[in-house]
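The values are calculated or read from the model by the stated rules, or taken from the named source; none is laboratory data. Computed from a predicted structure; not experimentally measured. Positions of Cβ are generated from backbone atoms using ideal geometry, with glycine treated the same way; all protein chains shown enter the neighbour counts. Areas reflect the complete protein model, heavy atoms only, side chains present, ligands, DNA and RNA absent. Shrake-Rupley method; radii C 1.70, N 1.55, O 1.52, S 1.80 Å.
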Amino acid sequence: MTDNSERIVLNDRYQIQQRIGRGGMADVFLARDLLLDRNVAIKVLFPEFATDPNFVERFRREAQSAANLNHPNIVSVYDWGKYSNTYFMAMEYVEGRTLADILRANGHVSSIQAAEIASEVSAALGFAHRNGVVHRDIKPANILIGSSGQVKVADFGIARAMNAPTESNLTQVGSVMGTATYFSPEQAQGGQPDPRSDLYSLGIVLYEMVGGRPPFTGDNPVGIAYKQVHNAPQPLNQLVADVPRPFEAIVAKLLAKKPEQRYADADDLRDDLRRFRSGEHVHALGPAVVPPPVVPLPVAPVVTASLPRTQAAYAAAATTAVPRTTAMPTTPRPAAGPVAYVDPPNRNGLYAVLGFLAVIALVIGGIVLFKSLTKEKGAAVPVESTTTAAAVTTLAVVNVANVIGQTFDEASRILTLQGLTVTPVAQDNPAVAENQVFKTDPPADTAVTSGSPVQVFFNPTKLPQPVPDVTGKSVEEAKRLLTAGGFVVGAITSENSDLTSDTVIRTDPAATTSLKVGSTVGIVLSAGPNTQPVPDVVGQTEQVAKDFLVAPPRTFVVTSIQEASDTVAVGIVIRSEPVGGGQLAPGGAITIVVSSGLKQVQVPPLIGLTEAQARTSLTSLTLVAEVVYQAVPSGDVNDGRVIAQNVTSGTSVNPNSTVKLKVGKAVAPATTTTSTTLPPTTTSTSTLPPTTTTTEAPITAPPGP
């Protein structure tokens with residue numbers, strides 16, 4: 001179905017007009033509902049997905065999930081059905097743009113605009129959550145902004161009922177559904193759906209709306225998902241200098257890694273967004289602090305201090321005691337009269353005193369730090385306080401706790417309680433469990449000052465990754481690709497297929513299945529086509545050979561042909577095609593060649609030939625001549641020539657068969673009037689055989705043998 005689909009009417013009701021969008025598994029068209037006379041949006045599943053029951057079920061579930069959610073901020077679904085070789089869904093048509101389109105065009109929006117949009121989205125999510133449905137794919141592309149400003153949430157294609165144990169028949173256990181840039185840490189780790197997962201995704205959308213980009217990006221979904229689990233986003237105020245602190249606090253609360261640290265539900269979020277828009281205190285900043293009542297202070301007499309004012313005096317003050325201040329008598333304000341202008345006091349002396357106190361504090365801090373490093377390990381050393389007017393300053397030195405073997409979260413908690421700054425370093429280490437700490441820098445028991453950074457090295461949690469598709473690859477190439485993907489190559493088996501031998505047919509689990517890195521993947525190789533060996537039936541009788549070839553598991557279709565043979569007896573198999581020892585698929589055709597005996601020859605035409613010529617012709621064909629003579633008058637044309645042959649020319653006979661010939665022989669002139677018979681057989685002086693006898697009887701040609 002293309003943009004030129006104006007004449008297509010789905011199920012005699014929906015007139016397609018034009019394509020208005022294209023998603024990951026479906027096209028979206030603007031259409032006219034001919035029955036209700038209104039515009040609708042038609043989502044048509046790609047035909048290549050319509051044959052996959054998983055995609056069809058997901059498509060059906062989207063229609064069902066959204067159809068059960070009737071809310072002003074959720075795109076309504078009216079109908080779904082099948083057309084031709086694919087499926088379609090009729091939805092509410094929202095004239096406008098997606099939030100993704102707006103952000104691409106404008107870059108970002110203001111915090112107030114972002115809060116207004118998010119408030120409407122949270123209303124939709126709150127309604128869905130109360131009805132037991134988690135969206136699981138909140139992102140700008142699924143948020144529609146109508147031309148009149150209404151906000152609607154679309155695409156419940158991977159929505160899931162809360163507390164559903166598995167994605168029945170749709171995904172493998174542990175697989176990840178959603179868009180990596182926007183899904184929550186628990187989704188990245190294959191966790192159960194939770195309404196707070198949708199709130200995390202909405203937090204990323206809020207961050208992107210104001211910051212101009214999502215908080216986590218990367219070259220591939222796996223890298224982005226890893227950041228969702230382990231990395232903290234860059235503070236919004238570093239991207240947008242004037243972002244309001246309450247708005248930043250709302251986003252930070254939504255992006256908490258642990259669901260329990262986010263808003264309890266979408267309604268709480270919506271309330272906080274309303275407070276922000278109204279200028280009230282937002283709960284994301286913590287409980288509101290009520291300032292204590294202001295108590296008027298009694299008027300104190302004006303006191304001036306004698307302070308050094310020159311650089312030399314400041315230098316002297318750094319090494320000498322501060323001079324005692326002197327109280328000066330106050331001048332009473334006149335009861336009436338004009339107000340006199342008084343010069344403000346010079347503050348250079350105050351600055352000098354503050355600088356002096358800062359130097360003292362630094363010197364004392366250095367001395368205390370030096371002393372603390374020489375003390376016994378594990379002691380938190382308080383700093384000696386000064387006897388000057390400066391406030392007491394306390395620094396602490398702590399020994400880095402031993403967190404080796406702890407989970408990263410527990411190690412972070414322990415080190416944070418020590419007042420240290422934790423820097424996570426994810427590093428693959430197969431020797432320890434996932435998310436387990438195996439090293440810190442500085443090492444355990446090292447004395448450091450409070451607030452010092454500590455690098456915590458841990459083996460990161462392996463996120464599910466798709467099994468590479470190695471179909472058609474050689475076994476060595478398949479091993480290389482699977483190993484590069486972080487998987488362990490398991491058993492290698494083979495089975496018959498139409499692929500070339502030793503070519504990969506599939507993997508077990510199948511390609512694109514999401515598995516944790518380090519999982520075992522088996523390889524199934526092709527053993528070539530499913531064939532049976534052709535048995536050698538040469539030397540068998542025709543019937544025995546046929547019975548053997550048609551029996552299971554061969555079940556060959558046998559054709560037999562005859563062929564003469566000088567060496568193989570009649571009815572015996574000479575050869576087969578294909579020959580014995582070859583391969584043939586069950587039910588394949590095979591031909592056996594059966595001996596018909598000696599090869600026959602055709603008797604040549606001999607009448608009219610001289611006796612010698614006839615004998616030579618028969619001898620060349622391995623035939624035997626048997627000659628009889630018939631008297632002919634002297635001078636007759638048949639004298640010495642073949643008058644008749646007992647086997648008709650062209651007849652096929654076996655080699656060494658006898659062919660009888662009648663040859664004319666002239667009779668000597670008679671000496672009396674009485675006719676006489678020919679004299680007895682005499683030896684011929686010609687080349688004719690001496691054993692030939694003369695007979696008057698006519699020769700008839702008997703049928704060939």
Seminar exercise, completed: Listed by range, strands (runs of 3 or more DSSP E) wholly within segment 499-615 having at least 2 residues that are touching an Asp or Glu at 6+ places or on another chain (Cβ under 6 Å) are 520-526, 589-595
Problem set entry | Yes/no for residue 541 being at pLDDT 90 or above and within 30 Å of residue 465 (Cβ to Cβ) | no
Problem set entry | Single match in 561, 607 (criterion: open to solvent by 60 Å² or more (accessible area, probe 1.4 Å), of a type outside the set (D, E, K, R) and closer than 30 Å to residue 662 by Cα) | 607
For this session: Among the residues of segment 543-558, count how many are open to solvent by less than 70 Å² (accessible area, probe 1.4 Å) and closer than 17 Å to residue 596 by Cβ.
Result: 2
Exercise. Just checking, which of 225, 266, 249 is in contact with a helix residue (DSSP H, G or I) (Cβ under 6 Å, 6 or more places away or on another chain), modelled with pLDDT under 90, buried (at least 17 other Cβ atoms within 10 Å of the Cβ) and within 30 Å of residue 130 (Cα to Cα)?
Worked result: 225
Exercise. In segment 631-653, which residue that is within 14 Å of residue 608 (Cα to Cα) and part of a strand (DSSP E or B) is least open to solvent (accessible area, probe 1.4 Å)?
Worked result: 642
Exercise. Taking into account only those residues within segment 60-75 that are touching a strand residue (DSSP E or B) at 6+ places or on another chain (Cβ under 6 Å) and at pLDDT 90 or above, which is nearest to residue 40 (Cα to Cα)?
Worked result: 75
Problem set entry | Within segment 1-107, helices (runs of 4 or more DSSP H) holding 2 or more residues that are closer than 21 Å to residue 182 by Cβ and out of contact with any Lys or Arg (no Cβ under 7 Å at 6 or more places or on another chain) | 53-67, 99-106
For this session: Tell me which of these residue 129 doesn't satisfy, since it passes every other one: (1) under 18 Å from residue 205 (Cα atoms); (2) modelled with pLDDT of 80 or more.
Result: (1)
Exercise. Here are 590, 561: which of them is in contact with a helix residue (DSSP H, G or I) (Cβ under 8 Å, 6 or more places away or on another chain) and at pLDDT 90 or above?
Worked result: 590
Exercise. Which condition number in (1) within 29 Å of the chain's Cα centre (by Cα); (2) in contact (Cβ under 8 Å) with a residue 24 or more places away in the chain; (3) buried (at least 16 other Cβ atoms within 10 Å of the Cβ) is the one that residue 19 fails?
Worked result: (2)
Exercise. Got a sec? Which of 421, 407, 461 is closer than 18 Å to residue 232 by Cβ and surrounded by 17 or more Cβ atoms within 10 Å (Cβ to Cβ)?
Worked result: 461
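The rows are residues; the columns are (1) more than 30 Å from residue 188 (Cα to Cα); (2) part of a loop (DSSP other than H, G, I, E, B).
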position: 422; (1), (2): no, no
position: 434; (1), (2): no, yes
position: 438; (1), (2): no, no
position: 445; (1), (2): yes, yes
position: 451; (1), (2): yes, yes
position: 456; (1), (2): no, no
position: 460; (1), (2): no, yes
position: 468; (1), (2): no, yes
position: 479; (1), (2): no, no
Exercise. If you check every pair at least six apart or on different chains, which have Cβ atoms under 6 Å apart with a residue in segment 259-287 that is over 27 Å from residue 229 (Cα atoms) first and a residue that is among the aliphatic types (A, V, I, L, M) second?
Worked result: 275/282; 276/115; 276/282; 277/115; 281/288
For this session: Can you tell me which residue within segment 230-246, out of those that are touching a Lys or Arg at 6+ places or on another chain (Cβ under 9 Å) and over 25 Å from residue 457 (Cβ atoms), is surrounded by the fewest Cβ atoms within 10 Å (Cβ to Cβ)?
Result: 237
Problem set entry | Selected residue (only one of 174, 157 is in contact with a strand residue (DSSP E or B) (Cβ under 6 Å, 6 or more places away or on another chain), in a loop (DSSP other than H, G, I, E, B) and either open to solvent by less than 40 Å² (accessible area, probe 1.4 Å) or at pLDDT 90 or above (or both)) | 174
For this session: Sort through 490, 472, 522 and tell me the only one that's in contact with a strand residue (DSSP E or B) (Cβ under 9 Å, 6 or more places away or on another chain), open to solvent by 40 Å² or more (accessible area, probe 1.4 Å) and at pLDDT 90 or above.
Result: 472
